[in-house]
Amino acid sequence: MLSSILMLIILSLFLATGAWLIFLWAVRKGEFDDPEAPKYRMLDDDEALPANLEDRHDPPA
Amino acid sequence: MTSATIQCAHCGQNILPAERISESFADRQVDFCCQGCRGAFRIIHGAGLGRFYRERQWPEAGLPTGAYRLGIDAAALAGQVRSVPGGNELNFLVEGIHCATCVWLNEKILSRLPGVLEARLNYASHRARVRFDPGIADPLAIFAAVASLGYLPRLDGSDARQQLRLAERRRLLVRFGTAVFLSLQLMGFSLALYAGYFQGMATDARQLVQWLAGLVATPVVFYAGASFFSGAWRSLRNRAPGMDLLIALGVLAAYGYSLVALIRGGEVYFDTAAMIVTLVLLGRLLENGARHRAAEGIERLLALAPTSACRLEGEEQHSVESSCLRPGDLILVRPGERVPVDATLVDGTSEFDEAVVSGEALPVLRKPGDPIRSGTLNLDAAVTLRATCAAADSFLARMAALVEEAQACKAPVQRLADRIATVFVPLVVLLAAATVFFWLGRGVGGATALLHAVAVLVVACPCALGLATPIAVMVATGAAARRGIFFRGGDVLEQVGRLQLVAFDKTGTLTRGQPAVCAVVPAPGTSAETLLRSAATVESGSAHPLARGILCEAERRGLTVPCGSGARTVPGMGVALEDGAGRVLVGTREFLAANGIPLAAAAAGPALTEVHVSRGAEYLGVIRLDDRLRPETAPALAALLRRGVRLAVLSGDRPRTVERMTAGLGIEERCGGMTPADKAAWIAARQASGLRVMMIGDGLNDAPALAAADVGCALAGGTDIALETSTLVLTRPDLGCLVEALDIGRRALRIIRQNLFWAFVYNLVALSLAAGGRLAPIHAAAAMALSSLCVVGNSLRLARLPRQKGR
């Protein structure tokens, strides 16, 4: 009985560690740097995603 | 190409004499080949992009080679380069980014430079981040590459500070996140232990869970809580016991006690230690956010002054850092640029938008000899200025210093907690010492006496006390935000609840801030409709606030206004339009007089803006415009008076205007002609006499007063600076929200007091039990849970705000 509890606890610790690592990654990525701006971003009319533009503006081969 | 050939001012092609269209623009004559070119020319100048014509070079395509090769200091550039893993990094601002294509172009060109590893340009902030190999590429080449594209790269001094702040915030966030994840685990273990306390638990299972709890709590205490220990050590060295010391004492006592209990057998308190750290870290995180925003306000203020300026040296133009400008330097300010330092106008005439500086909506005409403040926006024409002081002494810098000073003076809520702690900490330590001696005197063993003393330290730690204010604040601010009322931080909510005096700015706060027609006075023989329609036709293409006021009035009266194209604007004077029935002039008294129109001596009200109209040689009459009170001003002020709040108006306007506009509103003190520093001083004087003051304003000139007041309040639509320096923001430009904010603040204050009462009662009961040696861990746990539940439940009542009563 005790060993099953121990296993479950260790499993839960692993799960939590996973969540913690994801959190650390998100902080590094700057996900929490500015909690204010995103809600206004949808109001910005002329924002296009620079990432997509590479395909659109590359001259036709 | 002979000199007699005339070229179109827009497209540069030769004009056939028959097709030539001449127009006078900014005191010179310009010619166009067709109406299309004339339209394009007007649009480009109207958008403040007149420099386009100076910086293009026909017939070669593209930009002139030297246009942006302005002396950028290699040493200053080198100072901005940071070393990062895998190369060096340079951060700078790129001026002239308008669309995503600009971003794409810059990134492409930069990443093709030899030695550049990565180039990223943020579309929103115009901030470029270039990582390069210092051996191959150099920062000057990067700047040159951006400049060769026709964009203006600029160093950004605030960048380093911002990076530093961001790093600090991230560190705090990681600590808090770690504490939360581990505390969640710990919570599970504690639940098992509490259940075991009631139902019984196998000793080996209990020991296992206890060991695990200890394992999980250790990093929370010593990693996440490290800042408390260093703070406690600092406060010990300075002999000034603070909140940090109390927290460190409680956490260490709980942790140490539990460690002993773990080895000797007994109940452990690991969860107490971890929860204290986690909750207090949450408080720190919220406070850090508030400070961050305050700092941003100052930075944005300084950002209004451009960091680089164009200095004239003989015939040459040099781009220099604004901070290098000395009094006496000649600087060129093009349309659409802001003035870098306080200066006097030397050459040229232009209108300046001083809205951010004075809150005045109308552009102001400046002639040679006029003083110009830093931060104002040049609208019409390129002008030459002579600097009158260095950037560090300029209006904006002085303003930023005033704001900073006021913000530093305002005691943050943290200091209040520290003041309480200076009393509470020695008291608790004394109580713990008394407990030891009492139990030693009773003849129990030294170890038992010590354990009782530690229990006192553990329960004294303010867990529910720490929750009492933040949770009420969180619920109340959330409920307020749904109504468009934003409190910046919990202390603001408290202070709003305690307000005794509210000071208003006039323009844009009590009034709409936009001129509206208040009287149409036609000359004899003219109808009011004709007068208004003539004026509206001429003004129909203008975005000038006065023009908008006139057009609004015409629309309100249901007049159909024919669109008058080809109107000619004389800055600061008026507008003229040729149409079928003669020349229509709309403008100041002087404008019409200068054009030989005899003015009927229309009596002028003292504070009104007058617009005179004539057609041909005939004087049509005058339209008077004035700023108006907001419709909700009177009821909102009455509601404030009913709540026992005193009112005042602080305005930079003439005292007589202030008196006239605010008559009959029940305002106690009405002060006019005040400078920004005057306003801040006025508020400081009222605060010194013991009043708690709120300031409401919208302009940059209110910023020091907003920061100095206990609560600074900005209405939506105010300048960014006002929004940043104020601690209360109403997102609807409706003064009725202010009354609601006051009610919410007062209710929240009441709830916070109740919360503190409950938290203290439980703490006191637990303290006395602990000192009496009767504190079983289950009592402590129950007291903690109960007090927290009381506090949370009581706070949730704030979410149900009463429907706007008493409006």
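Check region A:31-48 and report whether any residue there is open to solvent by 80 Å² or more (accessible area, probe 1.4 Å) and at pLDDT 75 or above. Yes, some residue in region A:31-48 is open to solvent by 80 Å² or more (accessible area, probe 1.4 Å) and at pLDDT 75 or above.
Taking residues in region B:180-197 that are more than 11 Å from chain A (Cβ to nearest Cβ), and partners anywhere that are surrounded by fewer than 19 Cβ atoms within 10 Å (Cβ to Cβ), the pairs with Cβ atoms closer than 6 Å and at least 6 places apart or on different chains are B:G196/B:R206; B:Y197/B:I778.
The residues listed here are B:L629, B:L647, B:L640; of these, the one that is closer than 30 Å to B:F352 by Cβ, among the aliphatic types (A, V, I, L, M) and at pLDDT 80 or above is B:L629.
Total residues in region B:650-689 satisfying the condition of being under 17 Å from B:V711 (Cα atoms) and without any contact (Cβ under 8 Å) to a residue 24 or more places away in the chain: the figure is 5. For region B:651-666, indicate whether the set of residues that are farther than 30 Å from B:A547 by Cα and at pLDDT 80 or above is non-empty. Yes, some residue in region B:651-666 is farther than 30 Å from B:A547 by Cα and at pLDDT 80 or above.
Is there a residue in region B:585-604 that is part of a loop (DSSP other than H, G, I, E, B), touching a Lys or Arg at 6+ places or on another chain (Cβ under 7 Å) and open to solvent by less than 40 Å² (accessible area, probe 1.4 Å)? The answer is no, given that none of the residues of region B:585-604 is part of a loop (DSSP other than H, G, I, E, B), touching a Lys or Arg at 6+ places or on another chain (Cβ under 7 Å) and open to solvent by less than 40 Å² (accessible area, probe 1.4 Å).
In the condition set (1) closer than 26 Å to B:A536 by Cβ; (2) modelled with pLDDT under 80; (3) under 43 Å from the mean Cα position of the chain (by Cα), B:A576 is compliant with all but (2).
Only helices (runs of 4 or more DSSP H) whose full extent lies in region B:621-702 are considered here, and the ones with at least 3 residues that are open to solvent by 40 Å² or more (accessible area, probe 1.4 Å) and within 28 Å of B:R373 (Cβ to Cβ) are B:655-661, B:676-688. Considering region B:198-214, and only residues there that are of a type in the set (A, V, I, L, M, F, W, C) and over 28 Å from A:L21 (Cα atoms), the residue that is nearest to the other protein chains (Cβ to nearest Cβ) turns out to be B:A205. In region B:219-245, the qualifying residues are those that are among the hydroxyl-bearing types (S, T, Y) and open to solvent by less than 50 Å² (accessible area, probe 1.4 Å), and the one that is nearest to the other protein chains (Cβ to nearest Cβ) is B:S227.
For A:M7, the requirement of being facing another protein chain (nearest Cβ under 9 Å), at pLDDT 65 or above and open to solvent by 100 Å² or more (accessible area, probe 1.4 Å) is not met. Only one of the numbered conditions (1) out of contact with any helix residue (DSSP H, G or I) (no Cβ under 6 Å at 6 or more places or on another chain); (2) open to solvent by 20 Å² or more (accessible area, probe 1.4 Å); (3) modelled with pLDDT of 80 or more is violated by B:A295, and that is (3).
The values are calculated or read from the model by the stated rules, or taken from the named source; none is laboratory data. Computed from a predicted model, the values in this text were never measured in an experiment. Reconstructed Cβ throughout: ideal geometry from the backbone, glycine too, with neighbour counts over all protein chains shown. The protein model used for the area step is the full one, side chains on, heavy atoms only, and it has no ligands, DNA or RNA in it. Shrake-Rupley method; radii C 1.70, N 1.55, O 1.52, S 1.80 Å.
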